[in-house]
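Taken together, the values in this text are just the output of simple stated rules run on the coordinates, not laboratory data. Source: prediction; values computed, not measured. Note: ideal-geometry Cβ built from the backbone for every residue, glycine included; neighbour counts use all protein chains shown.
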Amino acid sequence: MAENSILCSASSLILSLFTLFSCLFGHGNSIEQLAGYNTFTISSFKYPETQIRPFDMRYIRVDLPPWFSSMSIALKSSVNLDIKSVEKVPKSALPMICFREGSLPLPDVSNTSLGELVALSNSAFDGTQVLQNSEQCYPVPRNMTMKLTNEQISARVLYFGLFNGVGPTRTQSKMIVRGPSYSFAANISVEGCITSSMQGQYCNQTVELLSCGLSRNNSGNGSASGFFNQSMLSCRNNFETSCLGDEEMKIYTLEILRVAEFLTISAENVRLRPVNNSGNSSGIDLMCFVRYGAMPSATLHDFSGNLNKSPLVINSPKVGQWYISILALNLSKETGGSQSNVSKVCYSLELQELECPLGKAGPNCLSERYMLQTVLRKDSTPFESYFLPYGEKVMSDAANFLLEPLLSNYSFGGLDTWTYFILDIPHGAAGGNLHIRLTSDRKLNYEIYVRNGGLPSLVNWDYYYVNKTSNSHGSMFFALYSSSEEKADFYILYVSEGTWNIALRNLNSTDGTSNRQTTMSVSLERCPKRCSYHGDCKSALDASGLTSYSFCACDRTHGGFDCSIEIVSHQGHIWQSIALIASNAAAVLPAFWALRQKAFAEWVIYTSSGISSGLYHACDVGTWCALSFGVLQFFDFWLSFLAVVSTFVYLTTIGEVYKRAIHTVVAILTALMAITKATRPSNVILVMAIGALALLVGWLIEFSTKYRSLSFSMDLCLNSLERRRIREWVNSLVKTIMKRFRWGFLLAGFIALAMAAISRDLENSQNYWIWHSVWHVTIYTSSFFFLCSKVITINSGNGRPTDANYQLTRQDSLSRG
């Protein structure tokens with residue numbers, strides 16, 4: 001059994017995506033110029049350049065009305081991937097573009113491997129492989145031009161999704177998000193035909209609207225026998241007779257407004273013209289091609305048959321616009337190859353649409369059919385609702401209803417009964433999920449069939465559920481949850497807009513249902529299973545602002561579209577928490593040394609930095625939050641920035657007055673950095689630059705204070721004796737600097753700092769907890785080594801060191817004064 005309606009709608013999109021792209025813009029220019037008078041622009045959108053960060057996504061909606069003729073898309077991105085590079089990029093980091101008719105694409109639920117993905121060249125799609133899914137995904141091209149016509153895709157809603165990485169980890173909450181971003185810009189325009197009777201790519205194909213009328217009730221015709229209370233809608237072409245030459249085609253259109261049991265297409269009075277021709281019309285093939293929502297052809301159609309042999313019967317046709325094309329073949333064969341005598345085959349096209357009365361459906365229209373009423377949930381997000389049947393049989397105000405009072409009491413063939421429920425998904429709600437649940441006090445005796453647009457049956461459905469092992473679990477938009485013999489529970493993900501039909505097949509209905517109690521629940525929910533209680537349900541709008549969709553933002557340990565996939569085990573989460581929190585104990589090293597040297601300001605900063613970082617990461621991994629996440633993040637980054645700069649300031653020998661001034665300025669600057677955008681990668685370089693500047697300012701203050709008596713006049717520069725004294729002063733200054741630091745500790749500090757830089761560069765979403773823990777240890781260790789590298793001198797009363805070299809320099813300076 002195949003999901004016929006899904007594959008039929010997907011086949012048109014699949015063929016379009018592979019065949020009509022930039023190459024189409026270069027053909028048929030003269031035809032387009034002539035057809036320009038028959039078309040007009042329905043809509044035109046220009047999407048400005050937009051950046052998509054790692055694990056982010058964007059959706060674009062395009063509405064295609066029944067009178068559209070073509071849709072053109074031009075996309076330009078910053079992605080530059082070829083076939084070889086695509087194979088090396090994991091799906092979690094691969095930029096992808098996905099297409100889907102009717103609803104939003106969701107590549108996270110697809111099992112398509114990288115080897116099956118069709119790579120894109122810089123100008124157009126390349127490849128002829130076909131993926132038999134209702135959703136198509138490809139690596140994002142650098143440039144893409146595409147033109148789709150109403151001969152390739154049906155007139156409905158088309159969605160584009162752009163993703164920067166797909167898979168279970170896309171929805172996982174990350175402690176850090178790093179990776180390449182890409183940008184895209186797009187132009188999308190939709191052209192339409194001025195008159196409804198002219199359609200096709202260039203609006204140059206005549207389409208005849210069939211005229212319909214209600215005939216009397218029937219009592220025996222078509223595929224069923226003994227009709228009761230049914231109405232037959234008969235449709236004919238406007239002219240009593242249509243005539244076609246060999247290999248000529250004529251197109252008709254019909255709109256089905258109500259749920260129908262079947263549609264029969266037949267050709268009456270098939271004959272050759274002129275009348276005096278000796279040919280036999282029975283040998284002529286009068287091919288009929290039928291397609292829902294789009295123009296049919298001999299190569300692209302939903303149903304086909306030879307009307308000169310037998311009528312074409314379509315069971316449970318969908319509600320909406322249908323197109324029918326009639327193609328005459330083998331005329332010359334029937335006349336011995338001569339076309340002089342026979343030029344036309346004439347026929348009368350007749351369609352019969354069998355409709356059931358209100359509240360009835362199924363074979364012989366004897367099954368019950370209920371329209372479900374939408375009930376909006378209180379204090380919920382847009383479109384979140386549940387559905388209840390109309391009528392006096394349902395008196396409950398709850399979100400579910402008892403099923404047995406609603407069941408059909410007629411069994412077709414004495415084997416089972418069918419009961420139908422119809423509901424409507426409103427415009428703009430395609431980002432929701434349809435939740436269907438049955439619960440019984442004993443083993444379920446029902447099968448569930450669901451279809452969009454038409455009545456489902458055993459051979460025609462979109463999704464179905466028989467039991468835990470027999471269902472649509474292989475479909476990417478079907479999610480089964482906690483089902484058992486007494487319970488059926490599943491979601492249809494990102495359900496399409498429009499009318500949906502649910503059919504319940506009651507097996508062994510002759511056993512009776514009086515002793516059985518089964519409750520049914522049908523609801524439209526924003527996130528499946530409330531994100532499995534491992535995340536938050538978020539809502540957003542697509543780029544056009546016309547569709548509201550929801551997605552799960554999972555916690556640190558889960559992922560997937562519904563947060564049901566455990567990415568990090570409980571034990572792994574414990575080790576990650578211990579590593580990220582305990583590694584901040586390295587702050588004890590610089591704090592201890594600062595306290596030993598009575599540098600109380602530095603001691604407070606290092607101690608506070610270690611504590612705030614530990615509290616922040618405890619909240620970040622989901623262990624415990626002492627304060628709100630934003631407050632903890634601010635204090636972590638601010639005190640970390642301040643600790644780095646304070647290390648530089650500590651290496652100077654300026655007085656406390658100047659240190660307090662520098663610390664005040666640095667505290668303001670680093671606070672602004674932490675409060676605006678703390679996680680910017682450039683902040684590391686900026687903090688190091690501020691620290692180096694603070695060290696330079698401290699040395700300049702020290703230089704101007706200690707050596708202010710040195711004059712650099714023009715006379716001095718011309719005096720060789722004074723130039724010698726300058727050289728001696730420079731040498732003395734270098735010696736002083738050399739003796740000011742313990743160079744072994746200084747070298748160890750730079751090595752630890754380099755290790756910290758390397759560990760930060762190696763961080764990504766998967767190994768963040770490892771390398772960031774190493775970052776904690778190495779950055780605090782480097783601060784400890786830098787603090788130990790400074791030689792502490794004993795200050796005199798005026799605050800100047802009594803170092804021997806400094807005394808010699810000072811005496812020499814005074815003698816010149």
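Couplings 3J(HN,Hα) for the stretch 482-496, derived from phi with the Karplus relation 6.51 cos²θ - 1.76 cosθ + 1.60 (θ = phi - 60°), are 5, 8, 8, 5, 9, 8, 10, 9, 8, 10, 9, 7, 6, 5, 6 Hz, where x marks Gly and Pro. Taking 0.36 nm per residue of separation and subtracting the current Cα-Cα distance, fully stretching the chain between VAL631 and ASP56 would add 204.5 nm. Converting phi to 3J(HN,Hα) with the Karplus coefficients 6.51, -1.76 and 1.60 and the offset θ = phi - 60°, the stretch 51-66 yields 9, 10, 6, x, 6, 9, 8, 9, 10, 10, 10, 10, 8, 10, x, x Hz in sequence order, with x at every glycine or proline. Ranked by the mean number of other Cβ atoms within 10 Å of their residues, highest first, the peptides 523-531, 178-186 come out as 523-531, 178-186.
On full extension, the segment bounded by VAL177 and ARG596 gains 146.9 nm, given 0.36 nm per residue less the C-alpha separation. Charge tally around PHE561: other residues with Cβ under 11 Å, Lys/Arg +1 each, Asp/Glu -1 each, net 0. Each peptide in 366-373, 102-109, 202-209 was scored by the mean count of other Cβ atoms within 10 Å over its residues; highest first, the order is 102-109, 366-373, 202-209.
Bridging of LYS378 to lysines at a Cα separation below 28 Å is possible for LYS393, LYS487, LYS529, LYS538, once same-chain residues fewer than 8 apart are set aside.
Spin-label pair GLN517-MET688: with each label point 7 Å from Cα along the Cα-Cβ axis, the two points sit 7.1 nm from one another. Across the stretch 349-364, coupling constants 3J(HN,Hα) worked out from phi with the 6.51/-1.76/1.60 Karplus curve, θ = phi - 60°, read 8, 10, 10, 10, 10, 8, 10, 8, x, 4, x, 10, 6, x, x, 6 Hz, and Gly and Pro carry x.
Spin-label model, TYR47/LEU700: points 7 Å from Cα along the beta carbon direction are separated by 5.0 nm.
Explain nothing, just the number: dipole magnitude of the stretch 412-458 about its Cα centre with +1 on each Lys and Arg Cβ and -1 on each Asp and Glu Cβ, in debye rounded to the nearest 20.
Using Cβ point charges on Lys, Arg, Asp and Glu, the stretch 412-458 gives about 120 debye.
Kindly identify the stretch 419-553 as rounded, prolate or oblate by the Cα gyration tensor criterion: order the square roots of the eigenvalues as a ≥ b ≥ c, call it rounded if a/c is under 1.5, otherwise compare a/b with b/c, prolate if a/b is larger, else oblate. Prolate is the answer for the stretch 419-553, as a/c is 1.5 or above and a/b outweighs b/c. For the stretch 254-330, a simple Cβ point-charge model (Lys and Arg +1, Asp and Glu -1, everything else neutral) yields a dipole of about 100 debye relative to the Cα centre.
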